[in-house]
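Below you'll find the structure, written out as structure tokens, and then a few comments.
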Amino acid sequence: MIEFKGSKERDDYAQLGTKHPKLLDLLIDLAECVELMFKKPIVLTSVHRSQDEQDALYAAGGNKAPKSAHTTWEAVDLRDKIYTAHEIKFIEGYLNTKYKNDNKKPVCFNHTISGNVNHFHVYLQR
Ligand SMILES: [Zn+2]
């Protein structure tokens, strides 16, 4: 099951099929896997961000905004606090083993934005 932090994430997700179908397929695959293994959903906490939204998010933490794959529809964030440490490791391993980026950047890693909770950043090149 795929759940959403709010209506913006739900609306963004509805556009993913045209913006980046491969990333949509990855999310459907992951949601099925996590349901089967752990009887839990995946929860999208962020999909698309404009560069202005990206700058504002990082300015709040006092950091300069890095160039983000969220601005090109190539990344989504997933809530991680609903999983155990073991489940988090499994999800990272599953995505990074099954999916690869040509630029060698990891498909999935756990990270923190200042003032925000930890989450999975899931990145897939077009
Ligand atoms: Zn992210």
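The values are calculated or read from the model by the stated rules, or taken from the named source; none is laboratory data. Quick caveat, the model's predicted, so the values are computed rather than measured. A quick note on method: Cβ atoms are made from the backbone with ideal geometry, for glycine too, and the neighbour counts reach across all protein chains shown.
Residues in region 1-45 that are hydroxyl-bearing (S, T, Y) and in a helix (DSSP H, G or I): S7, Y13, T18. Quick one: would you say H48 is at pLDDT 90 or above, part of a loop (DSSP other than H, G, I, E, B) and either within 15 Å of the ligand (Cβ to nearest atom) or hydroxyl-bearing (S, T, Y) (or both)? Considered against the rule, which asks whether it is at pLDDT 90 or above, part of a loop (DSSP other than H, G, I, E, B) and either within 15 Å of the ligand (Cβ to nearest atom) or hydroxyl-bearing (S, T, Y) (or both), H48 comes out as yes.
Answer yes if at least one residue in region 79-88 is touching a strand residue (DSSP E or B) at 6+ places or on another chain (Cβ under 6 Å) and within 16 Å of the ligand (Cβ to nearest atom), and no otherwise. Yes: region 79-88 contains one or more residues that are touching a strand residue (DSSP E or B) at 6+ places or on another chain (Cβ under 6 Å) and within 16 Å of the ligand (Cβ to nearest atom). Within region 51-107, being closer than 23 Å to C33 by Cβ, among the small types (G, A, S) and surrounded by fewer than 17 Cβ atoms within 10 Å (Cβ to Cβ) holds for A85, G93. Apart from one condition, Y58 fits all of (1) away from the ligand (no atom under 16 Å from the Cβ); (2) in contact (Cβ under 8 Å) with a residue 24 or more places away in the chain; (3) more than 16 Å from the chain's Cα centre (by Cα); the exception is (1). Quick check: anything in region 105-113 farther than 18 Å from E3 by Cβ and more than 16 Å from the ligand (Cβ to nearest atom)? Looking through region 105-113, none of the residues is farther than 18 Å from E3 by Cβ and more than 16 Å from the ligand (Cβ to nearest atom). The residue of region 111-126 that is modelled with the highest pLDDT, among those that are farther than 23 Å from A59 by Cβ and surrounded by fewer than 19 Cβ atoms within 10 Å (Cβ to Cβ), is Q125. Counting only residues that are hydroxyl-bearing (S, T, Y) and closer than 14 Å to K105 by Cβ, region 65-82 holds 2 of them.
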